[in-house]
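Enquirer: Sharing a structure with you now.
The values are calculated or read from the model by the stated rules, or taken from the named source; none is laboratory data. Just so it is clear, the model here is predicted, and its values are computed rather than measured. Glycine also receives a Cβ, built like all others from the backbone with ideal geometry; neighbour counts cover every protein chain displayed. With ligands, DNA and RNA removed, areas are computed over all heavy atoms of the protein, side chains included. Shrake-Rupley method; radii C 1.70, N 1.55, O 1.52, S 1.80 Å.
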Amino acid sequence: MKNLMAGTHTSEEKKSKSSEVECPSCGNNITVRDYQQSQVVCESCGRVLKEKIKDRGPEWRAFDQEQKEERERGGPPSTETIHDKGLSTQIDWKNRDAKGNKLSPERRKKVYRLRKWHKRSRITDSKDRNLTFSLSEINRMSSQLGLSNSVQEIASKIYRKAVEENLIRGRSMEGVSSAALYAACREAKTPRTLEEIAEASRVDKREISRSYRFIARELNIDLPLTDPAKYVARFGSELNISGEAKVEAMEIIRKAQEEKLTSGKSPSGTAAAAIYIATLKSGERRTQREVAKAADVTEVTVRNRYGEIVEELDGEIKV
């Protein structure tokens, strides 16, 4: 999977400080733009102030002026998110000429025919039709979930590899494309649950889970386990808790991981239970129903994880 990360940016390289908005929790106006998570975060308390931001920088990196001059160029770069990698030309759908004037009815008819035949010429076989549909699905779901371009690129590479290995036959393209996007989120360490992917997809959770296990096995994809602490910032912001409570929740998760309490458990459920305990300790009480709704899990899950953590860490956690 190392090759799937080629051309992407790490979170440290893609974070920049700026003054955008005043934090309603602590009043600090210095924020951090995290392009990998597509979020604007308060530098002081860690509250998520804005989501689904756009990365307006170049897709390449340069370490000196010579590399910068070599890599600068006009036109869009090649991309894995388009079936022909963006190397072909495109005819704009705006019925206007180069000067911005509207086309005459005769010219519009001619351009319409050109668009139709141009589109047909770009898609020559079933593989191109497969990629055209599935990559557009990945793009749609990525936009709906607020994922960065790097995650979309990884998902597209995984799907292309599945097509090359002939793994799509007998399975729905929507299911495999959703599974590829879920695998890309885990590879890029961008916290998105299977339920969130299923909500944005046109297939159910069971189909995505089955397709994900299949392509992970066939493509030998060894993905790291999702860290429950990755969910704390997002869930905590939805619950409007303080930065101190978020830090406390992360510390509870760390202790639970040391005691092997998170093995085999849902990361979002563990994060929800840790946040619930942290709010009790900090006096910012939130009900189990509120926490479960923010984490998209059931109240029973929050209760069970809460009981396990408190029972095992009774000496270290005093609620």
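Enquirer: Within segment 140-168, how many residues turn out to be farther than 21 Å from Lys50 by Cα and either buried (at least 16 other Cβ atoms within 10 Å of the Cβ) or among the acidic types (Asp, Glu) (or both)?
Expert: Of the residues in that region, 15 qualify.
Enquirer: Could you tell me how many of the residues in segment 201-254 are within 20 Å of Asp34 (Cα to Cα), in a loop (DSSP other than H, G, I, E, B) and of a type in the set (Ser, Thr, Tyr)?
Expert: Qualifying residue count, segment 201-254: 2.
Enquirer: Also, I was wondering about something else. Confirm whether Thr81 is within 30 Å of Leu145 (Cα to Cα) and either surrounded by 14 or more Cβ atoms within 10 Å (Cβ to Cβ) or at pLDDT 80 or above (or both).
Expert: It is true that Thr81 is within 30 Å of Leu145 (Cα to Cα) and either surrounded by 14 or more Cβ atoms within 10 Å (Cβ to Cβ) or at pLDDT 80 or above (or both).
Enquirer: Mind listing whichever residues of segment 255-283 are in a helix (DSSP H, G or I) and β-branched (Val, Ile, Thr)?
Expert: Thr270, Ile275, Ile277, Thr279 - these are the residues of segment 255-283 that are in a helix (DSSP H, G or I) and β-branched (Val, Ile, Thr).
Enquirer: Go through segment 266-319 and give me each residue that's closer than 18 Å to Ser237 by Cβ, polar (S, T, N, Q), touching a helix residue (DSSP H, G or I) at 6+ places or on another chain (Cβ under 7 Å) and open to solvent by 50 Å² or more (accessible area, probe 1.4 Å).
Expert: Listed by number, the list holds a single entry, Ser282.
Enquirer: Only one of these conditions is not met by Asn220: (1) at positive phi; (2) buried (at least 21 other Cβ atoms within 10 Å of the Cβ). Which number is it?
Expert: All conditions pass for Asn220, except number (2).
Enquirer: Which is closer than 22 Å to Thr298 by Cβ and either among the acidic types (Asp, Glu) or more than 16 Å from the chain's Cα centre (by Cα) (or both), of Leu239, Leu225, Leu194, Leu219?
Expert: Criteria check complete, one pass: Leu239.
Enquirer: What number of residues in segment 169-194 are open to solvent by 60 Å² or more (accessible area, probe 1.4 Å) and under 20 Å from Lys265 (Cβ atoms)?
Expert: Here the count works out to 1.
Enquirer: Looking only at segment 112-138, count how many residues are open to solvent by less than 30 Å² (accessible area, probe 1.4 Å) and without any contact (Cβ under 8 Å) to a residue 40 or more places away in the chain.
Expert: 1
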